[in-house]
Amino acid sequence: MAGVAGCFGDGGEPEGGTAEQITIGLHSDITREFWELYGGVSPYWTRVLEPLLWVGPDFDVEPWLAVDWERTDKLTWEFTIREDVQFHNGEELLADHVVHSIEKLIEQFPQARFSWRFADLENEPVRALDDRTVEFTTREEFAGFAAGIAHNMVAVQHPETDGSEFNAVGTGPYELVDVEREQNARVAAFEDYWGGAPATPELTYRVIVDPMTRSLAMEDELDVGFQPPKAQVESLRSNDAIEVREQLSSRVALVNFNLERGPTDDADLRRALNHAVSQETIVDSILEGLGKPARGPIGSIVDYSAYDSLPPYEQDLESARGLVDRSTYEGETLKLEISNEAQADWVPEQSKVLAEIIKDNADQIGVDIDIRVSEYSAFTDAWRAKDGHMYMFLWGTKSGSSDYIFFRYHSRENTHFSLGEEFDSTVTRGERAESNEERFEAFIEAQQMMMEQAAVLPMYEHVYLMSVDRSVEGLDPHPLSEFIEMKNLRMER
Amino acid sequence: MSAADRPQAWRRRLDGTWSRRLRSIAEDRLDLLAWVIIAALVVSAVFAKPIRLTVPSVLQTLSGGFLAETVTLQPLQLAPHDPIDQNLADRLHPPSREYPLGTDQLGRDILSRLMVGARISLSVGVVVVSISLMIGTAVGVVSGYLGGWVDEAVMRIVDIVLAFPGLLLALVVAGILGPSLTNIMIALAVVGWTQYARIVRGSVLSVKQRDFVAAAKLMGVSEPRLVSTHVIPNVIGPVVILATLDMAYVILATAGLSFLGLGAQPPTPEWGTMLSQGRHHLLTAWWIANVPGVAIMVAVLAFNILGDSLRDLLDPRVASRLEGKGGL
Amino acid sequence: MYRFILRRAVSIVFVLFGVSVTTFGMVVFTPGDPAEIVLREQTAQNPSQEAIREFRAEHGLDDPIPVQYLDWMADVLRGDLGQSYYHDTPVTTMIIRRFGDTAELAVAAILVALVISIPAGVISAVHTGELPDHASQLGSLLGVSMPNFWLGYLLIVVFSLYLELFPVSGAGTVRELVLPAVTLGSGIAAIITRLLRSSMLDVLEAEYIGTARSKGLRERIVVYKHAFRNALIPVVTIVGLQFGYLLNGAVIVEIVFQRPGLGTLLIEAIFARDYPIVQGLVLVIAVLFVVSNLLVDVAYRYIDPRIRFDGGTR
């Protein structure tokens, strides 16, 4: 392992002690053009830029670049910025930097409107009250605002940041050294980091999107590898130098139905398809047992998951056929849209195989399905344009909140499917709730409504895996892989 | 430079060596191997599973209910299992008596999929090659015969099509039409007809220039007849060789485009798709990806060997124009 | 010679015009309204009819198609290949960024092909009908018949995993270039080997009597050398003409080995239905292909002035 690492570093290091450099293999292309907004590399995993708030290992929202926050009115929130935080260029972090970063985000990332509910730019979504205080304005009452912006993409960056030349100036424990597009990004320890200098001088993030190639590289080219394909775990585990770690995440692989187009606008057909599929079989076979059969749209480790109160749709072909007969389905071909795995974040692994299973199960109850594969952006475009009948996603969160799935069935956006006024008001009640209990109660109710209407076909709760060299230390587990800290990462040589 | 500029040359050679070569083809073990492979492919393509035709409802009504909804053209099933039947309990099963080539990640029998896959590959090959051949021949004859601005225009269109690297053009056409086998066939035919057009046109031109043709024309022999009596015998050799090499190319290209996800969609047992899906199991279940890999190679190899040995009957200068195209 | 170049140039201009019309038409006639797609991407909302109308007017999408073509051509001639539906980066920039990687792979593949094929072709011609000849002929048949996407994985398993000689994937260093170059080069090697063998045999056949008369080994070597030198001319041509093959193959090899490049970009753009990128790439590739074929023609004529040209693309 060290020998391979040496071909990236300077090679001539003494034996023993800790490694000068650690190589981390990622499943997602952190150098894609999409990330120019953040200086050219994704703020996930790289730890160059940091968000205002952090998510702890038990899903609590923790102070990070902001030390304190408070809701000051129905729509406004006040955040106090941490003192003595330095950017990589030596400048001190001020409220104006936060304003700049958020404005840039809203301008360049249109989904910000519903992901975090920032007000539109013309309504002053963010302003500096003084050097240390920032005020945010949301577009509607939204109790989950703080938990929502505990998200790597709500990152603070210095205005010098320039994505077209891979220049990212942030406050994180690592500084961006250089990037080779679609290949790797190298970061070096930032000695003046506000949380203390990191343990390892240099990290190399290698981008290996293809799951097979990535797992081959894990055998001896990577010190830490994200998301080995589940089919390869057995073979990786036979390698004594590697440990494969498992962690149940908050994400759920599911199929969303198009509620506004026939025949999937018929709840009976959707229920029938739910009864046609066996979650247990999927987990036991395709996932090699590394997953948890899902019952609803929100993973069981989330505070307000309805997992315990949801009756599972057991596989029952008899009643499924009965439901099909009762429904308006008349032999149409349903289009199941899936994305190929080039953009793995929102796409379940082995989507094609999962789609084939669903097709096969649907065949058995007399429902015809056509699988359509496209790249992620075309796939989401089809979903927003409401083209197609079914869409396979790996739903979940990358923030302290997990409520995206609700937005997608709330009628306030015309790209989303409407589940009816009652659902809308339940979700809104949760979003405006003063207390957590109230919020959780409303959200659990919303999940029950979704499942009663069979708006989705949940498949499994995602377990994410990491292959880790046994000499690696300081890599703490976290239900959101995007919040794994790299600061304490070190490796014996 | 074009193949048909010197048709007499290869015909002379063909005539002189035909009987001798015929004997030597049988003796040539490589050729024999190629024939055996192709025969095996054809058998499994035809008999892997029954071939049923759906009769259009119009015909059913017309026949007064005499014709059933489906007509079985071929009732036999050589494949031991259904190629798309999933059996998750038996997934990733190594080769065994029950599953001679193992099962894939969904527990489907790979041998059965392979056999049905032969039907897909061969029919795509035959369809694409015949369409290319028909379009190319028609265009070539018309262009060569009419000459003048028609010829000029047609040849410029050929130039434009050839200005794109063939497979990339097919890839883009298939991508725009949307991933499916039909669209792959369209895309490959769009690119494939040009070579035939060139050869046929060249041959027509050279026939036209000959004295006896002019004389025949003066005597009132019709042009279609001239074409059928003089042009077709001249081009049939190069065209058959080209078609054989093209079969190899189309099989390889179809597998490649399907590997990229632009061809057959799951669960169709197309070889390239099977290989693509099996690569996730390269280390744990080698047979899923490698069996279709071998199948593609063997099929392509057989057509290449055949094309080569046919080409050896020809003038080598003509032969060098008919180089296999090399695929993905 | 100059008249030939002039004639070729005129025909090239015509071909390039045809190429540009084809690539332009490709996007105009694809399903889906670009205005709707772009607006949906920019606002994360389904755009209103009014917004679509505004966008179409602003971007000249309602102009007659010939006018749109001329506008587009004017941009292309200035080096502006347009804007992707989903990214802010101009298409030209995206192509330039990845061009070097594909060029590197192509050059390396040609080198690999020459290193394999020159000895193989020569040995095969010198020992016609003997074991080395059969071996090399069978090898080249396998070379053209083997699917690159399978060969690539086999090479990874053998050389990266079992022998641990080369890394599994990546780009940048020579070690990372070896396996992709071998995968891509093998097919070309097969073609060159066969061509070299047959052209050497042609020359040797002509020199046959002389060879037969010269009993000495040294003289035979002289003859072989002569034959080899002559046989190189078609080899040069075929190497030049393999440009298209390289681009075809690069798509697969880049996908298998996770290399950035034009091939990966093209496939992603096709699956994203991001037609401006597809259009730009196709145009660039076709122009490169046409120009490289022209250069080969000119070079060939220069090397061997006896060759008559009948005005075809090759």
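The values are calculated or read from the model by the stated rules, or taken from the named source; none is laboratory data. Everything numeric in this text was worked out from a predicted model, so none of it was measured. Neighbour counts run over all protein chains shown; Cβ positions are idealised from the backbone, glycine included. Just so you know, the surface numbers come from the protein's heavy atoms only, side chains and all, with ligands and any DNA or RNA stripped out. Shrake-Rupley method; radii C 1.70, N 1.55, O 1.52, S 1.80 Å.
Looking at the square roots a ≥ b ≥ c of the eigenvalues of the Cα gyration tensor of chain C, which shape do they give, rounded for a/c under 1.5, prolate if a/b is larger than b/c, or oblate? Intermediate results must be reported in sequence, preceding the final value.
Details: a/c = 3.67, a/b = 1.75, b/c = 2.09.
Oblate, since a/c reaches 1.5 and b/c is not below a/b.
Taking other residues whose beta carbon is less than 15 angstrom from the beta carbon of A:M451, and scoring Lys, Arg as +1 and Asp, Glu as -1, yields -3. Helix A:436-452 against the longest principal axis of chain A: what's the angle in degrees, Cα atoms only, rounded to the nearest 10? For A:436-452 against chain A, the angle is about 40 degrees. When the surface is traced with a 1.4 Å probe over the full set of protein chains, A:T281 keeps roughly 50 Å² accessible. Rounded to the nearest 20 debye, the dipole magnitude of the protein assembly as shown is 8600 debye, with +1 charges on Lys and Arg beta carbons, -1 on Asp and Glu beta carbons, and the Cα centre as origin.
Per residue of peptide C:259-270, the mean number of Cβ atoms on other chains within 10 Å of the residue Cβ is 5.
Extension gain A:Q86-A:E191, at 0.36 nm per residue separation less the Cα-Cα distance, in nm? Kindly include the intermediate steps, with their values, before the conclusion.
Working: separation 105, 0.36 × 105 = 37.80 nm, distance 1.04 nm.
The span from A:Q86 to A:E191 would gain 36.8 nm if fully extended.
For the range A:212-227, backbone nitrogen atoms closer than 15 Å to the point 7 Å from A:E243 Cα along Cα-to-C-beta are found at A:223-225.
Between B:R225 and A:D60, the distance separating the two model label sites (each 7 Å from Cα on the Cα→Cβ line) works out to 10.1 nm. What's the local net charge at A:A150, with K and R +1, D and E -1, over the other residues with C-beta under 12 Å away? Net charge around A:A150: -3.
As a calculated quantity, the FRET efficiency between C:T93 and A:F407 at R0 = 56 Å, using C-beta atoms, amounts to about 0.95. Placing +1 on each Lys and Arg Cβ and -1 on each Asp and Glu Cβ, with no other charges, gives chain C a dipole about its Cα centre of roughly 1780 debye. Taking the C-alpha atoms only, the angle from helix B:29-47 to the longest principal axis of chain B is near 60 degrees. Ordered by 1.4 Å accessible area with all protein chains kept, A:R326, A:R206, B:R29 run largest first as B:R29, A:R326, A:R206. Counts of other chain beta carbons within 10 angstrom of each beta carbon in peptide A:277-287 average 2.
With a cut-off of 8 Å between alpha carbons and a minimum separation of six or more residues, what is the relative contact order of chain C in percent?
Result for chain C is 23 percent.
Averaged over residues, the count of other Cβ atoms within 10 Å places the peptides C:107-115, C:12-20, C:63-71 in the sequence C:107-115, C:12-20, C:63-71, highest first. Simple spin-label estimate for C:D33 and B:E69 gives 4.0 nm between the two label positions (7 Å along the Cα-to-Cβ direction from each Cα). Can you tell which of A:W395, B:P83, A:V61 lies farthest toward the positive end of the dipole of the protein assembly as shown, using +1 and -1 charges on the Cβ of basic and acidic side chains (Lys, Arg; Asp, Glu)? About the Cα centre, the residue reaching furthest to the positive side is B:P83.
Just the number, please: buried accessible area between B and C, total of both chains, 1.4 angstrom probe, nearest 100 square angstrom. Show your work: numbers first, answer last.
Values: alone 16800 and 18130 Å², together 30480 Å².
Buried surface at the B/C interface: approximately 4400 Å².
Partners of A:K74 within straight-line reach, counting aspartates and glutamates whose Cα lies under 20 Å from its Cα and excluding those fewer than 8 residues away in the same chain: A:D120, A:E122, A:E124, A:E135, A:E140, A:E141, A:D403, A:D424, A:E431, A:E434, A:E437, A:E438.
Rolling a 1.4 Å probe over the protein heavy atoms gives chain B an accessible area of 42 Å² per residue. Near A:T380: Cβ cut-off under 10 Å, other residues only, Lys/Arg at +1 and Asp/Glu at -1. The net charge is -2. Sorting A:Y376, A:Y38 on solvent-accessible area from highest to lowest, probe radius 1.4 Å, gives A:Y376, A:Y38.
Across peptide B:274-280, what mean number of C-beta atoms from other chains lies inside 10 Å of a residue's C-beta?
Mean shielding count: 5.
For chain A, the longest principal axis of the Cα atoms and the long axis of helix A:317-326 meet at an angle of about 70 degrees.
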